[in-house]
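The values are calculated or read from the model by the stated rules, or taken from the named source; none is laboratory data. From a predicted model like this one, the values you see are computed outputs, not experimental measurements. We place every Cβ from the backbone using ideal geometry, glycine too, and count neighbours over all the protein chains shown.
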Amino acid sequence: MDKISEEQRSYNMSRIRSKDTKPEMLVRQYLHAHGFRYRLHVKTLPGHPDLVLNKYKTVLFVHGCFWHMHENCKYATMPKSRTEWWTEKLLRNKSRDIENTQKLEALGWNVITVWECELKKSAADATLYKLIERILVGGGADNK
């Protein structure tokens, strides 16, 4: 049983964004500041990647640890109410992520997933620095 009313739950859920999240904006700002140009949420690609770097044949997904069930992550907890419903929903998300990654790789794209927890203050700098390396190495472009 839920501890809050159906109306309040509906309102809370409506406030959760799928685009322009804080972690996504952090990645976008960092890449742009380092000279990378990208397209956002390309609908013609499987999974509508958060960022598409055509020059490097690379797509980026910035995943929330809870919503995409990041393994061994303290932010990927299961709610205590409606556990069965949440388990089913989150497993569908994870399954869809795997399927989209396979489709993109089959199309020749380098797929990079950045997790929300990797962008927390203590780890953000190292994660973003490594992200540039992964783009340059995996994308196959000559130089930035």
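Kindly indicate whether any position in region 123-144 is polar (S, T, N, Q), exposed (fewer than 13 other Cβ atoms within 10 Å of the Cβ) and part of a loop (DSSP other than H, G, I, E, B). Looking through region 123-144, at least one residue is polar (S, T, N, Q), exposed (fewer than 13 other Cβ atoms within 10 Å of the Cβ) and part of a loop (DSSP other than H, G, I, E, B).
For region 1-38, name all the residues that are in a helix (DSSP H, G or I) and modelled with pLDDT under 70.
Within region 1-38, Arg9, Ser10, Asn12, Met13, Ser14 qualify.
For region 20-45, a tally of residues being under 19 Å from Thr101 (Cβ atoms) and surrounded by fewer than 17 Cβ atoms within 10 Å (Cβ to Cβ) returns 7.
Among the residues of region 99-115, are any under 16 Å from the mean Cα position of the chain (by Cα), among the charged types (D, E, K, R), exposed (fewer than 11 other Cβ atoms within 10 Å of the Cβ) and on the phi < 0 side of the Ramachandran plot? No, there is no match, as no residue in region 99-115 is under 16 Å from the mean Cα position of the chain (by Cα), among the charged types (D, E, K, R), exposed (fewer than 11 other Cβ atoms within 10 Å of the Cβ) and on the phi < 0 side of the Ramachandran plot. Between Asn54, Asn110, the distinction of being modelled with pLDDT of 95 or more and touching a Gly at 6+ places or on another chain (Cβ under 6 Å) belongs to Asn110 only. Taking region 35-57 as the range and being within 17 Å of His68 (Cα to Cα) and either of a type in the set (S, T, N, Q) or in contact with a helix residue (DSSP H, G or I) (Cβ under 6 Å, 6 or more places away or on another chain) (or both) as the test, the residues that pass are Pro46, Gly47, Asp50.
Here Val42 meets each of (1) part of a helix (DSSP H, G or I); (2) among the β-branched types (Val, Ile, Thr); (3) farther than 30 Å from Ser5 by Cβ; (4) free of Cβ contacts under 8 Å to residues at least 24 places away in the same chain with one exception, condition (1).
Count of region 78-103 residues, restricted to those that are touching a residue at least 40 places away in the same chain (Cβ under 8 Å) and part of a helix (DSSP H, G or I), is 6. Within this structure, Trp86 fails the test of being under 20 Å from Leu119 (Cα atoms) and at pLDDT below 95.
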